[in-house]
Amino acid sequence: MNARPRHRERRGATLVVVLLILLVVLLFGASSAQTALQGARMERNERDRRIAFEAAEAALLDAEMDIEASPDARATRSALFSRYSALGFPAEAGTCGSGAGNSSLGLCRPAAEGAPAVWRSVDFADGAADTVRSVAYGQFTGQRFLPGAGALPVRAPRYIIELLPDQRQGESAERKTYLYRITAVGYGANPNTQVALQSIYRKTR
């Protein structure tokens, strides 16, 4: 008389166990999918950061060419740069040459002591002809940079050049000498991915 209820009880308990197992499998599958998605997202972000890093490196090299010896005879301004001259750089601390047609574009004086660094105040994303303060890759060297989609940067990298006093030992105190701090910003395929790099460049003459 009691066998049939006990059988139903066992069947009900088995169903509960099966449902719990299915729930665990479902949670495990969802967790694995989420982990895979996060891994893919991290890999995509890292790839985009590498693209931006390489673009910023290219801009550093372009700036050095701008300073040393631009191959573009029509656009060159390399004659402005000399370790003994501040020609082309603004006189006021913390300011940069601006305007797309200005030969002093992107040439900056360092900020006054206690003020934010000038490279922090420059909007490298600003490309407006009247207000731009940074130099697009190739503007004064004739080099080409092709932004695009996919694995290419969304826009060309840009840079500024700050004039700094050269305080090496052995330099004559009577004659001012200068070197340059280059700040370059590169972009990834995602415009929100940006990498900033800096280098110090000393011209030999």
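Read-outs: derived from the displayed coordinates by stated rules, not from any lab. Because the structure is a prediction, the values reported are computed rather than measured. We place every Cβ from the backbone using ideal geometry, glycine too, and count neighbours over all the protein chains shown.
Hydrodynamic radius of region 103-205 by the Kirkwood approach over all distinct alpha-carbon pairs: 15.4 Å.
Here's the picture: charge each Lys and Arg Cβ at +1 and each Asp and Glu Cβ at -1 in region 36-201, and of A52, G138, S104 the one pushed furthest to the positive end of that dipole is A52. Extension gain for the segment L26 to E46, taken as residue separation times 0.36 nm less the Cα-Cα distance, is 4.2 nm to one decimal.
In plain terms, the residue of V16, V195 with the fewest other Cβ atoms within 10 Å comes first and the most crowded comes last, giving V16, V195.
Built from the Cα atoms of the chain, the convex hull projects on average onto 19.4 nm², one quarter of its surface area. Other residues with beta-carbon under 11 Å from the beta-carbon of N102 carry, at +1 per Lys or Arg and -1 per Asp or Glu, a net charge of +1.
Considering only A30, A156, A86, the mean-square fluctuation computed in a Gaussian network model of the chain, springs between alpha carbons under 10 angstrom, is largest for A30. Positive-end ranking of G186, A125, V25 along the dipole of the chain, with charges on Cβ about the Cα centre, is headed by V25. Short-range pairs are left out: with C-alpha atoms under 8 Å and at least six residues apart, the relative contact order of region 36-201 is 29 percent. Helical content of the chain, expressed as a calculated mean residue ellipticity at 222 nm, amounts to -12500 deg cm²/dmol (DSSP H runs of 4 or more residues, -39,500 (n - 2.57) each, divided by residue number, nearest 500). Remark: spin-label model distance D166-E68 equals 1.4 nm, labels positioned 7 Å along the Cα→Cβ axis.
Taking amide hydrogens as placed 1.01 Å from N in the peptide plane, the amide H of D166 sits under 5 Å from those of T177, Y178, L179, each at least 5 positions away in sequence or on another chain.
The angle between the Cα long axis of helix 3-68 and the longest principal axis of the Cα atoms of the chain comes to about 10 degrees, rounded to the nearest 10.
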